[in-house]
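The values are calculated or read from the model by the stated rules, or taken from the named source; none is laboratory data. Quick caveat, the model's predicted, so the values are computed rather than measured. A quick note on method: Cβ atoms are made from the backbone with ideal geometry, for glycine too, and the neighbour counts reach across all protein chains shown. Ligands, DNA and RNA are stripped out before the accessible areas are found, and what is left, the full protein with its side chains, is counted by its heavy atoms. Shrake-Rupley method; radii C 1.70, N 1.55, O 1.52, S 1.80 Å.
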Amino acid sequence: MRSDFQHLLVRQEEGFVILTMNRPEVLNAFNDLMLEELTEATEAAARDASIRCVVINGAGRAFGAGQDLHGFATVHASGEPIKVSEHLTKYHRLIRLFQEMPKPVIAAVHGVAAGISCNLALACDMRIAADNARFVEAFARIGLVPDGGGAFFLPRLVGLGKALEMVLLADEISGSEAERIGLVNKCVPADDFDAFILTLAQRLAQGPTRAYGLIKELMYRSLDSDLQTSLQLEGEMQDVAMGTVDHRESVRAFLEKRPANYTGR
Ligand code: T3D
């Protein structure tokens, strides 16, 4: 994977990669280039079989502050007709990538995660928050509706009532509150945060990657399915999982009373 990006840091570790949004002077607010670079690197990570887990985080004191509002001001001043829906399709591509890549994607959120940055974290498979994290569905503060999949993911994570409260009031939710309401999987003391993320990414990168990919597909497709369709799908997925090298290795390891050595195949 190339790593010479302007607004993205790429840290390759054994089996996983950390993609760091890097515009700290604006709390990693998105401009077009940062979005393009994050998408390109995510696509590369999805394709690369040696990468078995992806971590997304932010440089400096924040995860991300949403879309760069300087860009909005320029568009409004230009008097050009506004068709933001076309621009949003670029974010939609990234969201689909997070969901569809057959390996786990973790959002590691410290500091503020606002607007579309917050909602990109919701599109990841797991979210870990530092105890200094602040989640803000900031859209209503500037007279917009939630985008970046927020209307889809947020009620599914926290329930419709809490989701509506978050988007209507646009108040900040702390890391510990986020854990309490199920917005994040875990809230970790800021001092332990980096070590926690590395250990989690390492663990997932050493897991049964083919099964993880199938698990993601089964879970996400079941969200929009009826029971019968989901039951049908689990059978199809299990047929595939049963044929993987990792499944056979893990059964052998169990019978031999030793830890399994997953190779992701
Ligand atoms: O185009 C499309 O596709 C549409 C998509 C829309 C999606 C969206 O994301 S809409 C929501 C956009 N985001 C916001 O409305 C959040 C705006 N920012 C804030 O409300 C606050 O900055 C925060 C709550 C995020 C953090 O507050 P705080 O007090 O910790 O930091 P700060 O002092 O406000 O910000 C620090 C700097 O970052 C500051 O610059 P300065 O004064 O030091 O030069 C601030 O202007 C800059 N910054 C923060 N957020 C943005 C930003 N600059 C540009 N765009 C931002 N979104």
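Contact map, region 13-36: first residue in the same structural domain as Ile106 (by TED's automatic domain parsing), second residue within 9 Å of the ligand (Cβ to nearest atom) and assigned to a helix (DSSP H, G or I), Cβ cut-off under 6 Å, separation 6 or more or different chains; pairs are Leu35/Lys90.
Could you say whether any residue in region 32-51 is buried (at least 22 other Cβ atoms within 10 Å of the Cβ), near the ligand (Cβ under 10 Å from one of its atoms) and not in a loop (DSSP other than H, G, I, E, B)? Yes, some residue in region 32-51 is buried (at least 22 other Cβ atoms within 10 Å of the Cβ), near the ligand (Cβ under 10 Å from one of its atoms) and not in a loop (DSSP other than H, G, I, E, B). A residue that is assigned by TED's automatic domain parsing to the domain that holds Ser174, out of contact with any Lys or Arg (no Cβ under 7 Å at 6 or more places or on another chain), among the charged types (D, E, K, R) and surrounded by 24 or more Cβ atoms within 10 Å (Cβ to Cβ) cannot be found anywhere in region 52-69.
Among the residues of region 214-245, those that are acidic (Asp, Glu) and under 25 Å from Leu122 (Cα atoms) comprise Glu217, Asp224, Asp226, Glu234. Out of Gly175, Gly148, Gly161, one residue alone is at pLDDT 95 or above, surrounded by 24 or more Cβ atoms within 10 Å (Cβ to Cβ), in the same structural domain as Tyr91 (by TED's automatic domain parsing) and out of contact with any strand residue (DSSP E or B) (no Cβ under 7 Å at 6 or more places or on another chain). It is Gly148.
Take Leu88 and decide whether it is open to solvent by 10 Å² or more (accessible area, probe 1.4 Å), under 25 Å from Ala130 (Cβ atoms) and either within 10 Å of the ligand (Cβ to nearest atom) or β-branched (Val, Ile, Thr) (or both). Criteria not met by Leu88.
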